[in-house]
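Worksheet for the structure shown next.
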Amino acid sequence: MGKPEQKEPSLEETFQQLETIIEKMQNRDVTLEESFSLYEQGIHRLKLCNEKIDHVEKQMLKLNQQGELEIFEKIS
């Protein structure tokens, strides 16, 4: 039997997870080992955020008639 598929967290959920990690790290009772673990988790979440933001930015680009990339601007 295969593993159940895990839904990738949204950008907002990932930011919330980062906030929770920061709050935990600010606790004076956190050991040095726990701090390193939390730091590692935070770096992983930051990388996920960067990847999601890069993906959105790429979606917002379009090719013009000369084959050059332009920023897509929504007309209201």
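Taken together, the values in this text are just the output of simple stated rules run on the coordinates, not laboratory data. What you see is a predicted model; the values in this text were computed from it and never measured. Counting neighbours? That spans all protein chains shown, and the Cβs are built from the backbone with ideal geometry, glycine included.
May I ask you to compute the full-extension gain from Ile22 to Glu68, defined as 0.36 nm times their residue separation minus their alpha-carbon distance, rounded to one decimal in nm?
Details: separation 46, 0.36 × 46 = 16.56 nm, distance 4.12 nm.
So the extension gain works out to 12.4 nm.
Once you put a point 7 Å from the Cα of Glu13 and another 7 Å from the Cα of Val30, both along the Cβ direction, what distance in nm separates them?
With each label placed 7 Å out from Cα toward Cβ, I get 2.2 nm.
At 0.36 nm per residue, minus the direct Cα-Cα distance, what do Gln6 and Ile53 gain on full extension? Give it in nm, one decimal, please. Don't jump to the answer; show the numbers that get you there.
On the way: separation 47, 0.36 × 47 = 16.92 nm, distance 2.03 nm.
Extra length available between Gln6 and Ile53 comes to 14.9 nm.
Residue by residue, what Karplus-based ³J(HN,Hα) values in Hz, rounded to whole numbers, does the stretch 36-51 have, using 6.51, -1.76 and 1.60 with θ = phi - 60° and x for Gly and Pro?
In residue order, the calculated couplings are 5, 5, 5, 4, 4, 4, x, 4, 4, 5, 4, 4, 4, 4, 4, 5 Hz.
Kindly provide the GluC sites (Glu not before Pro) of the stretch 3-42 that DSSP labels as loop, not H, G, I, E or B, and whose Cβ sees at most 15 other Cβ atoms within 10 Å. Walk me through the numbers on the way to the answer.
Details: sites: Glu5, Glu12, Glu13, Glu19, Glu23, Glu33, Glu34, Glu40; in loops: Glu5.
Answer in residue order: Glu5.
Nearest 0.05, what FRET efficiency do Tyr39 and Met60 give at R0 = 30 Å with Cβ-Cβ as r?
Working: r = 32 Å, r/R0 = 1.05.
Efficiency at R0 = 30 Å is approximately 0.40.
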